[in-house]
Amino acid sequence: MPDEATPQGQRADARRNRERILEVADDVIREQGTQASLRDVARQAGVGLGTLYRHFPTRDALLETLLRQGFDRLAGQADELLDAGLPPERALAEWLGEFTLRAGAFRGLPASLMATLSDPDSALHASCEAMREACGRLLRAAQEAGRIRSDVDGTDLFVLVNALSWIADQAPSIAARSERLLALVMDGLAHTGDR
């Protein structure tokens with residue numbers, strides 16, 4: 001999984017190590033969750049732990065790099081949905097469904113995302129902010145159209161859908177109910193006059 005953020009001046013072997021670490025980390029973290037042993041990642045990538053930490057000084061830095069491309073696409077998708085002419089509440093629901101799937105990509109990720117919301121020093125914080133802002137744009141459009149209650153903000157919605165991902169993360173047998181649960185959340189957010 002090549003990464004645009006790879007320093008241009010890096011030696012070829014360092015670039016290969018970084019790419020190998022990301023490839024292995026993606027597999028290990030999908031299998032073991034976000035708290036997977038970084039020592040295992042380094043060992044399976046065939047590099048020393050020091051090499052892993054040179055490229056990714058923290059667990060969050062590694063997670064952020066693994067998630068960035070998908071989250072960047074998801075943030076861009078918010079604007080595409082707004083421009084597509086869909087009813088704004090439908091655009092919001094579609095985006096939230098996609099976010100719920102991505103937030104559940106790695107076991108433990110919903111908890112990691114929530115922990116970084118209030119930690120601006122975390123490498124994941126910027127990705128969380130980008131998701132919250134994208135969510136906020138869709139939410140405002142639906143509120144301006146009078147389709148979603150006005151007392152909800154982007155943080156409320158981000159937390160709610162992240163909670164849906166967390167539920168599926170904690171009880172995989174419930175994951176099949178994710179669409180239904182999201183529909184219930186959307187019903188609860190629907191504007192039904194003054195509240």
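If the condition is being more than 22 Å from Glu31 (Cβ to Cβ) and in contact (Cβ under 8 Å) with a residue 60 or more places away in the chain, then the stretch 106-122 contributes only Ser122.
Selection of the stretch 167-182 for residues being free of Cβ contacts under 8 Å to residues at least 60 places away in the same chain and among the hydrophobic types (A, V, I, L, M, F, W, C) yields Ile167, Ala171, Ile174, Ala176, Leu181. Evaluation of Ile148 against the conditions (1) under 18 Å from Phe106 (Cα atoms); (2) touching a strand residue (DSSP E or B) at 6+ places or on another chain (Cβ under 7 Å); (3) not polar (S, T, N, Q) shows that the sole unmet condition is (1). If you check Ser122, Ser165, Ser173, Ser127 for being polar (S, T, N, Q), in the same structural domain as Glu98 (by TED's automatic domain parsing), part of a helix (DSSP H, G or I) and in contact with a Ser or Thr (Cβ under 6 Å, 6 or more places away or on another chain), only one passes: Ser165. Filtering the stretch 83-92 to residues that are aliphatic (A, V, I, L, M) and either buried (at least 20 other Cβ atoms within 10 Å of the Cβ) or under 20 Å from the mean Cα position of the chain (by Cα) (or both) leaves Ala91, Leu92. For the stretch 93-130, a residue qualifies if it is in contact with a Gly (Cβ under 9 Å, 6 or more places away or on another chain) and buried (at least 21 other Cβ atoms within 10 Å of the Cβ), and the qualifying residues are Phe106, Leu109, Pro110.
Here Thr192 clears all of (1) at pLDDT 85 or above; (2) of a type outside the set (D, E, K, R); (3) assigned to a loop (DSSP other than H, G, I, E, B) except the condition numbered (1).
The values are calculated or read from the model by the stated rules, or taken from the named source; none is laboratory data. Just so we're clear, the structure is a prediction, and the values are computed from it rather than from any experiment. Please note: Cβ atoms are built from the backbone with ideal geometry, for glycine as well, and neighbour counts cover all protein chains shown.
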